[in-house]
Amino acid sequence: MNLRRSLSTLGLTALVAASTLTGGAAVGVAAAPAPVCVEPGAALKAKPGGSAKHDPNELTTEQVTANEQALDAALKAKGKARAGVAAAATVTIPVVVHVISEDGTRANGNIPDSMINNQISVLNQAYAGSTGGAATAFAFQLQSINRVTNPAWYPIVYNSNTEKQMKAALRVGGDGTLNVYTGLLSQDLLGWATFPQSNITSYDGAVILAESLPGGNASPYNLGDTATHEIGHWLNLYHTFQGGCNGQGDQVADTPAEKAAAFGCPTNLDTCKSKPGLDPIHNFMDYTDDACMYQFTAGQATRMLDAWTAYRA
């Protein structure tokens, strides 16, 4: 789902840069990503066994280098530098949820308010660290629910002209407003999200499989952590397995290196034996089942706050 754990054995996670990003950062599909996340990149996530073969949110070494340089430049332009630790301050992010339906029925995307309210609760617990991980600076407040019946936008097709048209027509708020689009998704994807950039466009936001929200039927991805994962991308986190066992990986020092995405809920997995620590299978930015994920690290909390300061504050 990660499009929180970028789902699928497919690995839908590559960050999509520039040209690819024009289509978004996603969990799943796509042409080779451009060298820099210029347009909203997407972190895709697909179900194991799904049809997507490549996650545009998984970046090349060159793309990661360019993204890190862009982050430093954006911070410098604001007279800031990367923080050593996450600040205790709380940032409350307004959330607008666009419920996309084919015909107005629950069977075709029109999920109830209760699922959306429960999703906001799941996000607040995850980002507060109350599920067992580090606390971050972020809280989420539902601002509005926008219900749209439009068969032309259903299913939501990753990196398509209709997805771009939908977002251009519906996105509201400023750079710090999280727009979430729910519905049936193409290519068995659980979701995708854009990475932040200096020029936030109408493509910015997260797309989530409606039935992955708490109480949905997308088991084992129906506890709400697909959204947790995708919003992690929206706040500039890479997958825990970014870069595999090489280099700086996901650019976060306290997430152990991981050769590839993990699925299900494995035990004592250690795919980078030359590096310290077991694979971070309980991290929200891996691809394991919702029930297996419960933490962000302090380093991830700091990285998200740095990106917020650089791009969205």
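Laboratory data are not the source of any read-out in this text; all were calculated from the coordinates shown. All values derive from a computational prediction rather than experimental measurement. Cβ sites come from the backbone with ideal geometry, for glycine too, and all protein chains shown count toward neighbours.
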Whose amide H sits under 5 Å from the amide H of GLY133, counting only residues 5 or more places off or on another chain, with H placed in the peptide plane?
PHE296
Enumerate the calculated ³J(HN,Hα) couplings along segment 60-72 in order (Karplus 6.51 cos²θ - 1.76 cosθ + 1.60, θ = phi - 60°), each rounded to whole Hz, writing x wherever the residue is Gly or Pro.
6, 4, 5, 5, 4, 4, 5, 5, 5, 5, 5, 5, 4
By Cβ neighbour count within 10 Å, fewest first, THR177, THR255 rank THR177, THR255
Karplus-derived HN-Hα couplings along segment 94-104 (A = 6.51, B = -1.76, C = 1.60, θ = phi - 60°), whole Hz, x at Gly and Pro:
x, 10, 10, 10, 9, 8, 9, 10, 7, 9, x
From the phi of every residue in segment 161-173, what ³J(HN,Hα) in whole Hz does the Karplus formula 6.51 cos²θ - 1.76 cosθ + 1.60 yield, where θ is phi - 60° and glycine or proline is x?
4, 5, 5, 5, 5, 4, 5, 4, 7, 10, 4, 10, x
Which far-off residues, 5 or more places away or on another chain, put their amide H under 5 Å from the one on ARG147, with H placed in the peptide plane?
VAL99
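For a footprinting-style exposure proxy, rank HIS98, HIS229 by other Cβ within 10 Å, fewest first. Intermediate values should be presented prior to the final figure.
Values: HIS98 24, HIS229 37.
Placing the least packed residue first, the sequence is HIS98, HIS229.
Counting other C-beta atoms within 10 Å, which of ILE156, ILE145 has the fewest, and how do the rest follow?
The order, fewest Cβ neighbours first, is ILE145, ILE156.
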Debye sum, Cα scatterers, segment 194-313, no solvent: what log₁₀ I/I(0) at q = 0.14, 0.16, 0.20 1/Å?
-0.61, -0.79, -1.11
Stretchable slack from ALA260 to ASP175, in nm (0.36 nm times residue separation minus alpha-carbon distance)
27.4 nm
What distance in nm separates the simple spin-label points at ALA83 and GLN143, each placed 7 Å from Cα in the Cβ direction?
2.2 nm
19 Å reach of a label modelled at LYS273, 7 Å along Cα-to-Cβ, counting backbone N of segment 223-256
244-247, 256
Obtain the nm distance between the two label points defined at ALA107 and ALA135 by a simple spin-label model: each point lies 7 Å from its Cα along the Cα-to-C-beta direction.
4.7 nm
Need one number: nm distance between label points at LYS164 and THR92, each 7 Å from Cα along Cα→Cβ, rounded to one decimal.
3.6 nm
Could you name the aspartates and glutamates in cross-link range of LYS80, using Cα to Cα under 19 Å and dropping any fewer than eight places away on the same chain?
GLU68, ASP72, ASP175, ASP306
Could you name the aspartates and glutamates whose alpha carbon sits less than 16 Å from that of LYS275, not counting residues in the same chain fewer than 8 places away?
ASP250, ASP254, GLU258
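Please give me the summed charge of the neighbours of GLY277: other residues whose Cβ is under 12 Å from its Cβ, Lys and Arg +1, Asp and Glu -1.
Values: positive: LYS273, LYS275; negative: ASP254, GLU258, ASP270, ASP279.
So the environment of GLY277 carries a net charge of -2.
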